[in-house]
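J.: Mind having a look at this structure? Questions to follow.
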Amino acid sequence: MKFSEIKDMTLVELAAKSRDLRQELFNLRLQQASAQLENPARIRLLRRDIARLETRISQLRRQAAAQTPRSDARSAEVTERSP
């Protein structure tokens with residue numbers, strides 16, 4: 001999965017895809033433990049794809065937090081105390 005594909009996904013789609021990839025990784029690890037894994041390189045690719053997804057999710061959350069107006073509690077206290 002390329003980052004350009006991930007870039008166009010929404011936060012909900014990213015979370016769902018991450019969950020699916022984690023489930024696939026879990027299944028591959030079970031296969032590896034029972035010596036039935038055919039393609040060990042797939043584990044590495046899945047880990048990297050999950051990291052890409054998590055990076056994009058954190059970027060989107062950081063952007064959302066930056067766009068949300070914050071009310072500073074200290075400034076509210078200062079205005080209440082002022083005569």
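The values are calculated or read from the model by the stated rules, or taken from the named source; none is laboratory data. This is a predicted model, so every value here is computed, not measured. Note: ideal-geometry Cβ built from the backbone for every residue, glycine included; neighbour counts use all protein chains shown. Areas reflect the complete protein model, heavy atoms only, side chains present, ligands, DNA and RNA absent. Shrake-Rupley method; radii C 1.70, N 1.55, O 1.52, S 1.80 Å.
J.: Taking into account only those residues within the stretch 42-62 that are touching a Lys or Arg at 6+ places or on another chain (Cβ under 9 Å) and closer than 19 Å to E24 by Cα, which is most open to solvent (accessible area, probe 1.4 Å)?
T.: R52
J.: Can you tell me which residue in the stretch 68-83 is modelled with the lowest pLDDT, limited to those that are among the hydroxyl-bearing types (S, T, Y) and open to solvent by 90 Å² or more (accessible area, probe 1.4 Å)?
T.: That would be T79.
J.: So, in the stretch 2-35, how many residues would count as being assigned to a helix (DSSP H, G or I) and either over 23 Å from A65 (Cα atoms) or open to solvent by 60 Å² or more (accessible area, probe 1.4 Å) (or both)?
T.: 23
J.: Conditions: (1) over 10 Å from the mean Cα position of the chain (by Cα); (2) surrounded by 10 or more Cβ atoms within 10 Å (Cβ to Cβ); (3) at pLDDT 90 or above; (4) in a helix (DSSP H, G or I). A65 meets all but one. Number of the miss?
T.: Of the numbered conditions (1) over 10 Å from the mean Cα position of the chain (by Cα); (2) surrounded by 10 or more Cβ atoms within 10 Å (Cβ to Cβ); (3) at pLDDT 90 or above; (4) in a helix (DSSP H, G or I), the odd one out for A65 is (2).
J.: Out of (1) assigned to a helix (DSSP H, G or I); (2) more than 14 Å from the chain's Cα centre (by Cα), the odd one out for I50 is which?
T.: So the condition that I50 fails would be (2).
J.: Give me the pairs, please: first residue somewhere in the stretch 4-24 and within 17 Å of Q59 (Cβ to Cβ), second residue anywhere and surrounded by fewer than 14 Cβ atoms within 10 Å (Cβ to Cβ) and of a type in the set (K, R), beta-carbon distance under 9 Å, and either six or more positions apart or on two chains.
T.: L11/R61
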